[in-house]
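Engineer: Okay, here's the structure, questions in a sec.
The values are calculated or read from the model by the stated rules, or taken from the named source; none is laboratory data. Because the structure is a prediction, the values reported are computed rather than measured. Reconstructed Cβ throughout: ideal geometry from the backbone, glycine too, with neighbour counts over all protein chains shown.
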Amino acid sequence: MHIVNTTPVLHVSFVPDPSIPAPTVLPMIGQMGLYPGDASNPHSEWSCYLHGYVSSRIMSLTSSALSRGEPGLPLCVAATKLDGFVLSLTPNSHNYNYRSAVLHGHGTVVEDVDEKIWAMKLITNSVVAERWEGTRVPPDGAEMQSTKILKMRISSASGKVRIGGPEDERKDLKRDDVLDTVWTGVVPVYERLGEPIPGPYNRVKTVPDHVARFVKEENAKREVYAIETAKKPPPPKRVKRTED
């Protein structure tokens, strides 16, 4: 869940035409969450909410699937965060420090107004914390009509994380000529947020506290994670039978 909720852009895959099994991938904004209205159901689970527009193809395909009595549009959501370039002794041993998650499920259109507004607030505040409260809300009628929210019920999920320094073959670790000439280590990678720049019609002289605080805290958190994971030992390596 954390990987999905800290990834600014999710990649959503679906098949627009079953007769032509070629998937389409869309970049979308989304968040996983448990709508309070579902919390009373003991069998309810967190869903992935995706923000879109009424005219988008994925929304029309979802509505068509529901009209045919299907559970929704089959979707695959992928999220990836890059944390470091792992540089080793040989090209074959190079790697990334990363976090990734993949979700599978069926998407439906959120029709309940309260749940839709709740999801819009959830997604808005995932971009910049407390941003919903710092804007003109609630959305007006035209905005509610033009915006659609997909709710993906998750049927399966998987995640993978790689942290730590380089890991090389034992044959290379025995070679002084290689160890003495090839630099190994990790180049930490993290997204850094820049200083907020006022818009052309902005009249507020100072950057709001929620924006300034978000930039400062996010930059510190992202940098610390990338550097700390680079310093950790690499994951245990499976020993090959051919190794002595």
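Engineer: Taking the range 39-50 only, how many residues are surrounded by fewer than 19 Cβ atoms within 10 Å (Cβ to Cβ) and in contact (Cβ under 8 Å) with a residue 60 or more places away in the chain?
Structural biologist: Matching residues across the range 39-50 total 2.
Engineer: Suppose we filter Tyr225, Tyr190 for residues that are surrounded by 10 or more Cβ atoms within 10 Å (Cβ to Cβ), among the aromatic types (Phe, Trp, Tyr) and touching a helix residue (DSSP H, G or I) at 6+ places or on another chain (Cβ under 9 Å); which single one remains?
Structural biologist: After applying the criteria, what remains is Tyr190.
Engineer: Considering only residues that are of a type in the set (Asp, Glu) and under 30 Å from Arg192 (Cβ atoms), look in the range 119-167 and name the one that is surrounded by the most Cβ atoms within 10 Å (Cβ to Cβ).
Structural biologist: Only one residue fits best here, namely Glu167.
Every residue, every condition in (1) touching a helix residue (DSSP H, G or I) at 6+ places or on another chain (Cβ under 9 Å); (2) surrounded by 13 or more Cβ atoms within 10 Å (Cβ to Cβ); (3) free of Cβ contacts under 8 Å to residues at least 60 places away in the same chain; (4) among the polar types (S, T, N, Q), yes or no:
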{"site": "His2", "(1), (2), (3), (4)": "no, no, yes, no"}
{"site": "Thr6", "(1), (2), (3), (4)": "yes, yes, no, yes"}
{"site": "Ile20", "(1), (2), (3), (4)": "no, no, yes, no"}
{"site": "Pro27", "(1), (2), (3), (4)": "no, no, yes, no"}
{"site": "Gly37", "(1), (2), (3), (4)": "yes, no, no, no"}
{"site": "Gly52", "(1), (2), (3), (4)": "yes, yes, no, no"}
{"site": "Met59", "(1), (2), (3), (4)": "no, yes, no, no"}
{"site": "Ser64", "(1), (2), (3), (4)": "no, no, yes, yes"}
{"site": "Pro74", "(1), (2), (3), (4)": "yes, yes, no, no"}
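Engineer: Continuing with this model, one more query. Restricting the range 177-202 to residues that are touching a residue at least 12 places away in the same chain (Cβ under 8 Å) and aromatic (Phe, Trp, Tyr), which is farthest from Arg99 (Cα to Cα)?
Structural biologist: Going through the qualifying residues, I end up with Trp183.
Engineer: Given the options Leu150, Leu122, name the one that is closer than 29 Å to Pro71 by Cα, assigned to a strand (DSSP E or B) and at pLDDT 95 or above.
Structural biologist: Leu150
Engineer: Tell me whether the range 187-202 contains one or more residues that are more than 30 Å from Glu45 (Cβ to Cβ), assigned to a strand (DSSP E or B) and more than 17 Å from the chain's Cα centre (by Cα).
Structural biologist: Within the range 187-202, one or more residues are more than 30 Å from Glu45 (Cβ to Cβ), assigned to a strand (DSSP E or B) and more than 17 Å from the chain's Cα centre (by Cα).
Engineer: Additional query: Give the range 219-238 a look and list any residue that's touching an Asp or Glu at 6+ places or on another chain (Cβ under 7 Å) and part of a helix (DSSP H, G or I), or say none.
Structural biologist: Once the filter is applied, which keeps residues that are touching an Asp or Glu at 6+ places or on another chain (Cβ under 7 Å) and part of a helix (DSSP H, G or I), the range 219-238 yields Arg222, Tyr225, Ala226, Thr229.
Engineer: Sticking with this one: State which residue is nearest to the chain's Cα centre (by Cα) when the search covers only the range 125-147 and only residues that are outside any loop (DSSP other than H, G, I, E, B) and without any contact (Cβ under 8 Å) to a residue 24 or more places away in the chain.
Structural biologist: The residue in question is Asn125.
Engineer: Hey, among Lys205, Lys216, which residue is without any contact (Cβ under 8 Å) to a residue 12 or more places away in the chain, in a loop (DSSP other than H, G, I, E, B) and charged (D, E, K, R)?
Structural biologist: Of Lys205, Lys216, the one residue that is without any contact (Cβ under 8 Å) to a residue 12 or more places away in the chain, in a loop (DSSP other than H, G, I, E, B) and charged (D, E, K, R) is Lys205.
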